[in-house]
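J.: A single structure is presented below for examination.
Every number in this text was worked out from the coordinates using simple rules, so none of it is lab data. Please read all numbers here as calculations on a predicted model, not as lab measurements. As a convention, Cβ positions derive from the backbone with ideal geometry for all residues, glycine included, and neighbour counts pool all protein chains shown.
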């Protein structure tokens, strides 16, 4: 069974640009969550999608948005990039979501975004 | 505020030695507690998931314990190997929703195993 696939693995952008990151969950998984990971901050929750609906959203500005398609694939978009957006962006999928569930989350290897 | 605190922040041990990582949490309600291993440049990989009724769970040389009364968990690594060098992340799960989502992450313990 293929794992969670994130593309691209590395991305370099400049301030003010926008970027779209992609996540393909494990087949059959309907929940996809996105996280930002920076040194010293750990994983910060961005949002969770389940069956194309956003369930929860973290404390990130509106420049960060996402969506999920009918095949459960998800995209994350960041507009008007800032230097502080440099981070590893991870997506994770699970069968039924993260609320009161004993299902493990399966993470992709992330997209390393660098802003110049 | 729901929080997960891990200690130590970093740890260096010699190959073959044992070590124990700590996780304290102040979250409620509680559904389960998870330990993840994250190698450098990779995504986290699940090691164990424990519900409040489970005191201990093993995965090879990794053994996690949970005391739901004191809200403490530990991850014990036996006979460490160089491949154990990684960050270990403790995560508490519950139906919190809102801006924190349903998973509260600790900042991790960075373990280095030296030959």
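J.: Taking each pair of different alpha-carbon atoms in chain A once, compute 1/r for the pair, average those values, and report the inverse of that mean as the Kirkwood hydrodynamic radius in Å to one decimal.
T.: Final number for the Kirkwood radius of chain A is 14.1 Å.
J.: Given R₀ = 35 Å, FRET efficiency for residue A:13-residue B:22 by Cβ-Cβ distance, to 0.05?
T.: After rounding, the FRET efficiency stands at 0.35.
J.: Moving on to the next point. Quote the relative contact order of chain B in percent (integer), defining contacts as alpha-carbon pairs under 8 Å separated by 6+ residues.
T.: Once divided by the residue count of chain B, the mean separation gives 37 percent.
J.: Provide the packing ranking of B:80-91, B:52-63, i.e. peptides ordered by the mean count of other C-beta atoms within 10 Å per residue, highest first.
T.: Descending mean neighbour count gives B:80-91, B:52-63.
J.: Ranked from highest to lowest mean number of other Cβ atoms within 10 Å per residue, what is the order of the peptides A:64-75, B:101-112?
T.: Averaged packing, sorted descending, gives the order B:101-112, A:64-75.
J.: Any idea what diffusion coefficient the stretch B:1-74 gets from Stokes-Einstein, in µm²/s, Kirkwood Rh on alpha carbon pairs, 20 °C, 1.002 mPa s?
T.: 159
J.: I would also like to ask the following. With just the Cα atoms defining each centre, how far is the stretch B:38-60 from the stretch A:67-116? Give it in Å.
T.: 20
J.: Mind checking B:42-53 for the average number of partner chain beta-carbons within 10 Å of each residue's beta-carbon?
T.: 4
J.: What's the FRET efficiency of residue B:58 with residue A:52 using the Cβ-Cβ distance as r and R₀ = 45 Å, to the nearest 0.05?
T.: With a Förster radius of 45 Å, E is 0.75.
J.: Per residue of A:38-50, how many C-beta atoms from partner chains lie within 10 Å of its own C-beta, taken as a mean?
T.: Mean shielding count: 3.
J.: Another one. Would you mind computing, in nm to one decimal, how far apart the modelled labels at residue B:69 and residue A:5 are, each placed 7 Å from Cα along Cα→Cβ?
T.: According to this spin-label approximation, the distance is 5.0 nm.
J.: Restricting to the protein assembly as shown, compute how many DSSP beta bridges are antiparallel as a %, nearest 5.
T.: Of the beta bridges lying entirely in the protein assembly as shown, close to 90 percent run antiparallel.
J.: Hey, got the average number of other protein chain Cβ atoms within 10 angstrom for residues in B:101-113?
T.: Mean shielding count: 4.
J.: With only alpha-carbon atoms counted, please give the Rg and Dmax of the protein assembly as shown, in Å.
T.: For the protein assembly as shown, the Cα-based Rg and Dmax read 17.4, 50 Å.
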